[in-house]
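Read the structure below first, then the notes.
Rule-based calculations on the coordinates, nothing more; no lab input. Note that the coordinates shown come from a computational prediction; the quantities given were computed from them, not determined experimentally. Every residue, glycine among them, receives a Cβ derived from its backbone with ideal geometry; neighbour counts consider all protein chains shown.
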Amino acid sequence: MPRSVWKGPFVDGYLLNKAEAARSSGRNEVIKIWSRRSTILPQFVGLVFGVYNGKKFIPVQVSENMVGHKFGEFSPTRTFTSHAADKKAKRG
Amino acid sequence: MARIAGVNIPTNKRVPISLRYIYGIGPKNAQDICDKLSIPGERRVNQLTDEEILRIRELIDREYRVEGDLRREVAMNIKRLMDMACYRGLRHRRGLPVRGQRTHTNARTRKGKAVAIAGKKKVTK
């Protein structure tokens with residue numbers, strides 16, 4: 001079930017301050033954040049966030065169609081492994 | 001034979017059933033169309049007058065997104081997710097389930113037919 005509209009989007013408050021500070025400073029540096037649960041707001045568009053995935057900060061350039069998604073969606077926490085490469089190695 | 005919404009030629013079935021042969025029209029939409037045009041559900045497509053078929057065609061053109069347009073919209077939505085490189089997009093790219101289902105077993109619809117692992121010995125009884 002989706003979140004009630006009257007509550008508005010969920011964002012950790014300190015992100016707003018961080019984003020504001022980055023904007024006013026004007027430098028294009030990565031804003032490190034741990035708050036993967038926060039919604040991406042329209043005022044974050046154009047900024048670069050380093051979203052923590054438990055190990056590293058994944059740089060995320062926020063574009064317009066990311067608005068409404070959560071930061072965590074852009075910073076995968078699991079490494080993908082497959083067997084495709086093993087086959088040739090074993091036969092050769 | 002009746003051509004409604006491009007290529008679809010529903011047969012001599014009842015109207016709400018045969019409308020469902022159109023991509024994008026399911027049980028609900030088919031029933032709604034019949035109700036709006038006050039066509040009784042027992043009528044078969046070959047019993048419809050030309051005028052009624054025309055009215056169905058116009059209604060679908062006006063209010064429903066079907067066939068190619070709908071397919072394109074769905075494909076665009078998936079493409080948007082993939083271009084954004086968000087979690088759901090990555091799952092689409094890999095051909096794995098998107099909505100958090102388990103992949104340890106099952107998930108064969110998304111993953112396709114099972115492929116045997118090379119070199120794995122079979123259990124003999």
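Observations on the model:
- Relative packing of peptides B:100-112, A:52-64 - highest average C-beta neighbours within 10 Å first: A:52-64, B:100-112
- Loop-located GluC sites (Glu not before Pro) across the range B:24-115 with a Cβ neighbour count of 13 or fewer within 10 Å are B:Glu42, with loop assigned by DSSP.
- Couplings 3J(HN,Hα) for the range A:69-78, derived from phi with the Karplus relation 6.51 cos²θ - 1.76 cosθ + 1.60 (θ = phi - 60°), are 8, 9, 4, x, 5, 9, 9, x, 9, 10 Hz, where x marks Gly and Pro.
- Cα→Cβ-extended label distance, 7 Å offset, between B:Lys28 and B:Glu42, nm: 2.8
- The value of relative contact order for chain B, using C-alpha pairs under 8 Å at least six residues apart, is 17 percent.
- Taking 0.36 nm per residue of separation and subtracting the Cα-Cα distance, full extension of the segment from B:Lys122 to B:Asp50 would add 19.5 nm.
- Neighbourhood net charge (11 Å Cβ-Cβ; Lys/Arg +1, Asp/Glu -1) for A:Ile33: +3
- For residues of B:87-97, the mean tally of beta carbons on other chains within 10 Å: 2
- Residue exposure sequence - B:Ile117, A:Ile40, A:Ile31 - by fewest surrounding Cβ within 10 Å: B:Ile117, A:Ile31, A:Ile40
- Estimated D of the range A:29-78 in µm² per second, where Rh is the Kirkwood radius over Cα pairs and Stokes-Einstein applies at 25 °C, 0.890 mPa s: 232
- At most 15 other Cβ within 10 Å, DSSP loop - trypsin sites (Lys or Arg not before Pro), the range A:1-42: A:Arg3, A:Arg27, A:Arg37
- Working note: Karplus 6.51/-1.76/1.60 with θ = phi - 60° gives the range B:82-93 the couplings 5, 5, 6, 6, 8, 4, 4, x, 5, 5, 4, 4 Hz, where Gly and Pro are set to x.
- Sequence of B:Leu81, B:Leu37 once ranked by neighbouring C-beta atoms within 10 Å, starting from the fewest: B:Leu37, B:Leu81
- The H on the amide N of A:Ile58, modeled in the peptide plane, is under 5 Å from the matching H of A:Val51, A:Tyr52, A:Asn53, each at least 5 residues off or on a different chain.
- Residues with amide H under 5 Å from that of A:Thr39, placed H, sequence gap 5 or more: A:Phe10, A:Val11, A:Asp12
- Global geometry of the range B:69-111, whether rounded, prolate or oblate, following the gyration tensor of its Cα atoms and the 1.5 cut on a/c: oblate
- 5 angstrom amide H check on A:Ile31, placed H, neighbours 5+ away: A:Val48, A:Phe49, A:Gly50
- Taking θ as phi - 60° and the Karplus parameters 6.51, -1.76 and 1.60, the scalar couplings of the range B:63-78 work out to 10, 10, 9, 10, 6, x, 4, 5, 4, 5, 4, 4, 4, 5, 4, 5 Hz in sequence order, x denoting glycine and proline.
- Among the residues of B:73-86, the average count of other protein chain beta-carbon atoms within 10 Å of the residue beta-carbon is 2.
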